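Data first, discussion second: the structure below is written as structure tokens.
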Amino acid sequence: MGQKIVLGITQGDSNGIGYEVIIKALSDARLLEMCVPIVYGSSRTFGMVKKLIPETEQMNTNIVNSARDAHSKRVNIINAVPDSLAVELGQPTVDGAKAAIIALKAAVADLKDGAIDAIVTAPFNKHTVACTEFSFPGHTEYLISEFGAKDGLMFLCSDDLKVGVVTNHLPLSQVSASITKDVIVSKLRLMNASLMRDFGCVRPKIAVLGLNPHAGDAGSLGREEIDVIIPAIEEANKENILAFGTYSPDGFFSTNMQYKFDAVLAMYHDQGLIPFKALAFDKGVNFTAGLPVVRTSPDHGTAFELAGKGIANPMPMISSIYTAIDICNNRAKYDEMTNNPLEIKHFEGPKYERTILPE
């Protein structure tokens, strides 16, 4: 194995389960053999929550001022969040939301600077974050803006199921108007490219869900499939993207069709996330495809009702860490294999003149 991945982990909302699942995940010393973890947050809050989890007493931590000073065999902490912000476990507060944004911005600055290789983001609460000066509905939209990406894809991933969505954090009343042929084709391009570069699929097969009940039922329950989604699939096919559909979501997941494809493209947030979380919640990862950097996150929220009780499940955070490491390694391998490919040339064999012998 080459050099270890330097992994930034943002604390999320101070009052949610972010610190608990981070601490539980990093208590497994085997992770330190695969990455150098750097937690962006508050060592004071880290220590406070750590005391609530007896099994993490032997964890070695290291407070650093810079990501470049991180210890390769310890859990590193950068004090990005000021102690003046109050911590009230289990309570949705503006201070908790501010802490999440401060930690996120600090990690993104280091990611841009190349001091870290990838980030894993613990969740924040979208309602309390809206009370701050943060003008984005979620991590995905913020990161797309920060890294100047033309588009991005919210891509929910587990070992055997991957689901992306055309529209992210959008009111249902705005979904239909936001789904256009160009938007769908863009998401299919991102998904196809990510499946190849980030997940090692050679010829990805993508299922595309319809928007309306029964995928519109030949237009009797809505025309978005006929007028928008199917033309988008046909356009993607012309670009050699193996996209198929449209499929009715209820029948698609109830008959396990999802496992016959490398990924599924849903039209809106709940259409994709409800079946994904029902089938893969304990190990689900939210990955932002289409960025020049790697970002993953657990597929759950702040869970204020669980905070401070020591009962939060760390598996999605553990999966997020492993997925970030895997994607970094997959990208390096893919880029090496596809860098400076040999030019394909067609040679004609030597030409001979026909000799006619006399009779």
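For the reader, a short list of remarks on this structure follows.
- A straight line joining the Cα centroids of segment 139-186 and segment 37-52 runs 32 Å.
- Here's the picture: charge each Lys and Arg Cβ at +1 and each Asp and Glu Cβ at -1 in segment 32-162, and of Gly96, Leu111, Ala149 the one pushed furthest to the positive end of that dipole is Gly96.
- Gaussian network model of the chain, Cα within-10 Å springs - most flexible of Asn192, Asn286, Asn256: Asn256
- If you run the Gaussian network model on the chain, springs between alpha carbon atoms under 10 Å, then out of Pro292, Pro92, Pro275 the most flexible one is Pro292.
- Note on the chain: with charges restricted to the Cβ of Lys and Arg (+1) and Asp and Glu (-1), its dipole about the Cα centre is near 580 debye.
- Projected label distance in nm at Lys73 and Lys238, using a 7 Å step from Cα toward the beta-carbon: 5.9
- Candidate aspartates and glutamates - alpha carbon under 18 Å from Lys73, same-chain residues fewer than 8 apart omitted: Asp28, Glu33, Glu57, Asp117
- Length added when fully stretched, Gln3-Leu221, from 0.36 nm per residue minus Cα-Cα: 73.0 nm
- Ranked list, fewest to most other Cβ atoms within 10 Å of each Cβ, for Glu224, Glu133: Glu133, Glu224
- Between the listed residues His169, Thr255, Gln3, the Cα displaced farthest toward the positive end of the dipole of the chain, a dipole computed from Cβ unit charges relative to the Cα centre, is found at Gln3.
- Helix runs (DSSP H) in the chain reaching 27 Å along axis by Cα, Kyte-Doolittle at least 0.0: 94-113
- Subset of Lys24/Lys112; Lys205/Lys260; Lys150/Lys187 violating a 19 Å alpha-carbon distance limit: Lys24/Lys112
- Here the Gaussian network model covers the chain, with springs between Cα atoms less than 10 Å apart; of Gly301, Gly16, Gly41, Gly301 fluctuates the most.
- 12 Å Cα-Cα reach of Lys333 towards aspartates and glutamates, excluding residues that sit fewer than 8 places from it in its own chain: Asp198
- Positive dipole terminus of segment 151-287, leading residue within Pro213, Thr180, Cys201 (C-beta point charges): Cys201
FYI, it's all coordinate maths here, none of it is from the lab. Because the structure is a prediction, the values reported are computed rather than measured. Note that we place each Cβ from the backbone using ideal geometry, even for glycine, and neighbour counts take in every protein chain shown.
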